[in-house]
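Some notes on the structure that comes next.
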């Protein structure tokens, strides 16, 4: 199974948040983990924000960054091009999504059409999960 992670799910691989155990189980069971390249900047920004807000220590911040960097090399990283940006714009309008959420949805939709394999879509945003289900992606529960 190919597992697509949006940034909310990626961050849970490192920071102690609700959903961490579920996300780790999904990753462990996946044949391949994928995400859009924008998730790199989003994840680094999210980890830095946690550090600035004193939600994680400097040591944790450094460790999480290093773990993320190591894991990122194994991700299937999906590029964002003009065609994908247009699809994201359509999804943003259709489902009322924010820009980066619509880019994640368009990336996963593109992966689904290219591979013709089931894609499991992991996110902790209910609107994004509803949209993902609506276009034929599998959204894990529990």
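The values are calculated or read from the model by the stated rules, or taken from the named source; none is laboratory data. In this text, all values refer to a predicted model and were calculated from it rather than measured experimentally. FYI the Cβ positions are ideal-geometry reconstructions off the backbone, even for glycines, and counts take in every protein chain you see.
Here is a check on your reading of the model: is residue 89 modelled with pLDDT of 95 or more and at positive phi? Taking the combined requirement at face value, the residue does not satisfy it. Scanning the stretch 111-125 for residues that are part of a helix (DSSP H, G or I) and in contact (Cβ under 8 Å) with a residue 12 or more places away in the chain turns up 111, 112, 115.
Condition check: surrounded by fewer than 17 Cβ atoms within 10 Å (Cβ to Cβ), touching a strand residue (DSSP E or B) at 6+ places or on another chain (Cβ under 9 Å) and either at pLDDT below 95 or more than 24 Å from residue 17 (Cα to Cα) (or both). Does residue 142 satisfy that?
When the stated conditions are applied, residue 142 does not pass them.
Kindly evaluate residue 29 against the criterion of being closer than 18 Å to residue 137 by Cβ and loosely packed, with under 12 Cβ neighbours inside 10 Å. Yes: the conditions hold for residue 29.
Mind checking whether some residue in the stretch 106-114 is under 19 Å from residue 12 (Cβ atoms) and modelled with pLDDT of 95 or more? Scanning the stretch 106-114, I find at least one residue that is under 19 Å from residue 12 (Cβ atoms) and modelled with pLDDT of 95 or more, so the answer is yes.
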